[in-house]
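Student: Here you go, one structure.
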Amino acid sequence: MAVVRRIAWSPVGGQENAAVFDRGLSDIFDPALRSDIGRLIDDVRERGDVAVCEALSHFDGVEVGPEGLRVT
């Protein structure tokens, strides 16, 4: 049986707030995968569209240049 727990955000602080967001992530994502995802996000922040295009090529086999990216 699932149980829903209510948490009053204001009186709780610091580590307790962080624990709410982190709950269950280690059960869902392998730590190595989380690290790889973090590196990919950092790379995109630093190099932008070029990093996105490289990731598309590496993971999906899609060859596209930055000029080929479109967001509608």
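The values are calculated or read from the model by the stated rules, or taken from the named source; none is laboratory data. These numbers were taken from a predicted model, which means no experiment stands behind them. When we count neighbours, we look across all protein chains shown, and the Cβ atoms used for this are built from the backbone with ideal geometry, even at glycine. Accessible surface areas use protein heavy atoms only, side chains included; no ligands, DNA or RNA. Shrake-Rupley method; radii C 1.70, N 1.55, O 1.52, S 1.80 Å.
Student: Within a Cβ distance under 14 Å of GLY68, other residues only, what is the Lys/Arg minus Asp/Glu net charge?
Tutor: -4
Student: List the extent of the Cα atoms of the chain along each of their three principal axes, largest first, rounded to whole Å.
Tutor: Rounded to whole Å, the extents work out to 48, 26, 24 Å.
Student: Okay, moving on. Give me the extension gain from LEU33 to VAL3: residue separation times 0.36 nm, minus the current Cα-Cα distance, reported in nm with one decimal.
Tutor: Between LEU33 and VAL3, full extension yields 7.9 nm more.
Student: Can you work out the accessible area per residue across the chain, with the rest of the protein chains kept in place, probe 1.4 Å, in square angstrom?
Tutor: 89 Å²
Student: What percentage of all Cα-Cα pairs in the range 17-59 are separated by more than 12 Å?
Tutor: Taking all Cα-Cα pairs of the range 17-59, the fraction more than 12 Å apart is 67 percent.
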